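In what follows, a single structure is set out as structure tokens and then discussed.
Since every read-out is calculated from the coordinates, none of them should be taken as a lab result. Quantities reported herein were computed from a predicted structural model and do not represent experimental measurements. So basically every Cβ, Gly included, is an ideal-geometry build from the backbone, and we count neighbours across all protein chains shown.
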Amino acid sequence: MTDSAMGCEKQGQGQTKILLHFGSQVAMARLFWYFSSNMYLLIAGKILGKTQLRYYAIAVQLALFRLDKMVSTISQVAFPAFSKVQNNHELLRRYYLKIVNVVAFACFPVCWGIFLVAESAVPLFLSSKWLPAVLPLKILSVVTSFRAVHILNAPLEMAVGRPGVTIRNFVIITSALALSFLVGSSYGLEGLAYSWLVFTVVFLITTSITLRLVGLSLAAYIKELRHPFLGTGFMVLVVLLSQKTLHVDGGLVAHAADSVALGLASYFLYDVFFNRAMFAEVRRLLKR
């Protein structure tokens, strides 16, 4: 065998090792994602009784409805887009922030909308015996809004060839949630529900780690999300004020329907005045 042939063979073996290493890290990252997403069942199932566990499980199902499907869809779209521009960090930052903004624009009002109508929607659609699930549903809906945008961090880490960062972040998330669940579940259903709020802190920590890979600051990230935050905040404020003043004796159907209609109208009104460019961006993405 010639020297050139041996060199090509060694180069091929080296590339194979790199690909295998990368693939194993990707598989491990997905394993941590699955474990962190289902860990609450392991802990809650051991500590809570069957009745409280049923309340908690239905709250999780409603709050995380379609999130797994969204994870798959976003990853399929984001990873190829990020990979195409992985060597151009300026363009990569622009792509990442744009997709984060679109996901937040769509998910924040939905998640916080569930928070706003949970008290009327649960007894309306499930019956009053499921009322203990209202508080966990409200808290999990808030947390889900942050989880929705956090999903985009992993495709970015993979695109720049840093699956190890994905694993490290999921270790941080899993460890923090496990400790919080263990402490919270000792206080019953409500304690377990409140324990999810630790994710908002972990979200900021792990997102900061991810952003450093492409030279972004957390301040720039939050600034990009200002309109989804402010628009959703305006929606929440309007609906809460209306619930306190207009729906005292209106019944469950009127309470839920009016809250949904007013929430949609107020969020749309905010974006018409302050975030009109987002409508054009969403139309472009839908056309693609």
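Results, tabulated for the structure shown:
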| read-out | value |
| --- | --- |
| Positive minus negative residues near K138 (Lys, Arg vs Asp, Glu; Cβ under 14 Å) | -2 |
| Using distinct alpha-carbon pairs, which all enter the 1/r mean, Kirkwood radius of region 68-161 in Å | 14.8 Å |
| Stretchable slack from K46 to F229, in nm (0.36 nm times residue separation minus alpha-carbon distance) | 62.2 nm |
| Chain lengthening between I222 and T200 when straightened (0.36 nm per residue, less Cα-Cα) | 6.6 nm |
| Derived scalar couplings ³J(HN,Hα) [region 154-171; Karplus, 6.51 cos²θ - 1.76 cosθ + 1.60; whole Hz; x for Gly, Pro] | 4, x, 5, 5, 5, 5, 8, x, 10, x, x, 5, 4, 4, 4, 5, 5, 5 |
| Charge context of A265, other residues only, Cβ under 13 angstrom, K/R +1, D/E -1 | -2 |
| Theoretical gain in end-to-end length, V282 to L264 [0.36 nm per residue, Cα-Cα removed] | 4.8 nm |
| Residue-wise HN-Hα coupling along region 87-102, computed from phi with Karplus coefficients 6.51, -1.76, 1.60 (Hz; x: Gly, Pro) | 8, 10, 5, 5, 5, 5, 4, 5, 4, 4, 5, 5, 5, 4, 5, 5 |
| Other-chain or far-sequence residues with amide H under 5 Å of I151's (modelled H) | none |
| Label point 7 Å beyond Cα of Q76 along Cβ direction - residues of region 102-146 with amide nitrogen under 20 Å | 102-104, 106-107 |
| Total formal charge among the other residues, if their Cβ is under 14 angstrom from that of F82, Lys/Arg +1 and Asp/Glu -1 | +3 |
| Backbone N under 18 Å from the A106 label point (7 Å along Cα→Cβ), restricted to region 128-167 | 144-156 |
| Per-residue HN-Hα couplings for region 109-124 [Karplus 6.51, -1.76, 1.60; θ = phi - 60°; Hz; x = Gly/Pro] | x, 5, 5, 6, x, 4, 4, 6, 9, 4, 5, 9, 6, 4, x, 5 |
